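A quick write-up on the structure given underneath.
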Amino acid sequence: MKLRGLYAITDSQLLAGGKLLPYVEAALKGGARLLQYRDKSSDEARRLREAEALGELCTRYGASLIINDDAELAARLGVGLHLGQGDGSLAAARALLGRQAIIGGTCHASLELAANAVNEGASYIAFGRFYNSQTKPGAPAATLDLLEQAQQRFHLPIVAIGGVTLDNAPELIARGASMVAVIHALFGADSVAEVERRARAFSALFDAA
């Protein structure tokens, strides 16, 4: 699967109250190519249940599910994995999940971290934040120049994350982002229809690029 387009990331607070599945389905209907299930709670039974349901939705819409920071859950479901810095070894995750799994790594604003991720077998490298982010207000700031340098140096898909909106996504894509990872600008909506509209608008940016 070509890693290009909208990368939707769930947020357990934003999608509380029964919104998770309908809002994710709307994002997938609107063209999201990757979906990252991000839930930092310790309720393993609920996380398994939700991840299974999300996996079924992704299969239905031809998208890929990525689990945030839980290699065992990813292995159990046979899906992808995203690791932050300090979430464990990417090489070990690759050994566990096999050669076909999509595994991504957070590289903040560092080409050195990206080089490490590439060497350990990452499927994509994620840089951010690029703009003020509600999810990670204190994360190191990445620049558009860094994106260009990464695109020239590494032959892997590049994900841009952190405060991405419909207004600033075009410049990220123009400077080398293969995918834009979006949380609030996608799911911070008051209806399923609005989530789908936003997903279509983000997806259309890649058609134009």
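Points to keep in mind about this one:
- Conditions (1) open to solvent by 50 Å² or more (accessible area, probe 1.4 Å); (2) modelled with pLDDT of 95 or more; (3) among the aliphatic types (A, V, I, L, M); (4) under 18 Å from the mean Cα position of the chain (by Cα); number of the one not met by Leu96: (4)
- Residue that is least open to solvent (accessible area, probe 1.4 Å) [pool: residues in region 99-112 that are out of contact with any helix residue (DSSP H, G or I) (no Cβ under 7 Å at 6 or more places or on another chain) and closer than 23 Å to Asn168 by Cβ]: Gly104
- Taking region 153-177 as the range and being under 20 Å from Val118 (Cα atoms), in contact with a Gly (Cβ under 8 Å, 6 or more places away or on another chain) and either open to solvent by 30 Å² or more (accessible area, probe 1.4 Å) or not aliphatic (A, V, I, L, M) (or both) as the test, only Ile161 passes.
- First in region 12-28 and open to solvent by less than 10 Å² (accessible area, probe 1.4 Å), second anywhere and polar (S, T, N, Q), Cβ under 9 Å, 6 or more apart: Val24/Thr10; Ala26/Ser191
- If you go through region 52-77 and keep only what is closer than 17 Å to Ile102 by Cβ and free of Cβ contacts under 8 Å to residues at least 12 places away in the same chain, you end up with Thr59, Gly62, Glu72.
- Restricting region 136-150 to residues that are open to solvent by 70 Å² or more (accessible area, probe 1.4 Å) and either under 20 Å from Ala8 (Cα atoms) or of a type in the set (D, E, K, R) (or both) leaves a set whose member that is modelled with the highest pLDDT is Asp145.
- Any chance Ser178 is of a type in the set (S, T, N, Q) and closer than 21 Å to Ile103 by Cβ: yes
- Residue within region 40-51 that is open to solvent by less than 50 Å² (accessible area, probe 1.4 Å), free of Cβ contacts under 8 Å to residues at least 24 places away in the same chain and either under 20 Å from Ala185 (Cα atoms) or out of contact with any Phe, Trp or Tyr (no Cβ under 7 Å at 6 or more places or on another chain) (or both) present: no
- The residue pairs whose first member lies in region 151-176 and is modelled with pLDDT under 95, whose second member is open to solvent by 60 Å² or more (accessible area, probe 1.4 Å), and whose beta carbons are closer than 9 Å, counting only pairs six or more residues apart or on different chains, are Gly162/Asn132; Gly162/Lys136; Gly162/Ala141; Gly163/Asn132; Gly163/Gln134.
- Scanning region 124-135 for residues that are part of a loop (DSSP other than H, G, I, E, B) and surrounded by 16 or more Cβ atoms within 10 Å (Cβ to Cβ), we see that the one that is farthest from the chain's Cα centre (by Cα) is Tyr131.
- For Glu72, the conditions (1) under 22 Å from Ala122 (Cβ atoms); (2) part of a helix (DSSP H, G or I); (3) within 15 Å of the chain's Cα centre (by Cα) all hold with the exception of (3).
- Enumeration of residues in region 179-200 that are part of a loop (DSSP other than H, G, I, E, B) and open to solvent by 30 Å² or more (accessible area, probe 1.4 Å): Gly188, Asp190, Ser191
- The sole residue among Ala45, Ala26, Ala16 that is among the aliphatic types (A, V, I, L, M), over 22 Å from Ile125 (Cα atoms) and not in a helix (DSSP H, G or I) is Ala16.
- Qualifying residue in region 82-92 (condition: loosely packed, with under 15 Cβ neighbours inside 10 Å and either in a helix (DSSP H, G or I) or of a type in the set (Phe, Trp, Tyr) (or both)): yes
The values are calculated or read from the model by the stated rules, or taken from the named source; none is laboratory data. The structure presented is a predicted model; accordingly, all values stated were derived computationally and were not measured. All Cβ positions, even for glycine, are placed from backbone atoms using ideal geometry, and neighbour counts span all protein chains on display. In case anyone asks, the SASA skips ligands and DNA or RNA and just uses the protein heavy atoms, side chains included. Shrake-Rupley method; radii C 1.70, N 1.55, O 1.52, S 1.80 Å.
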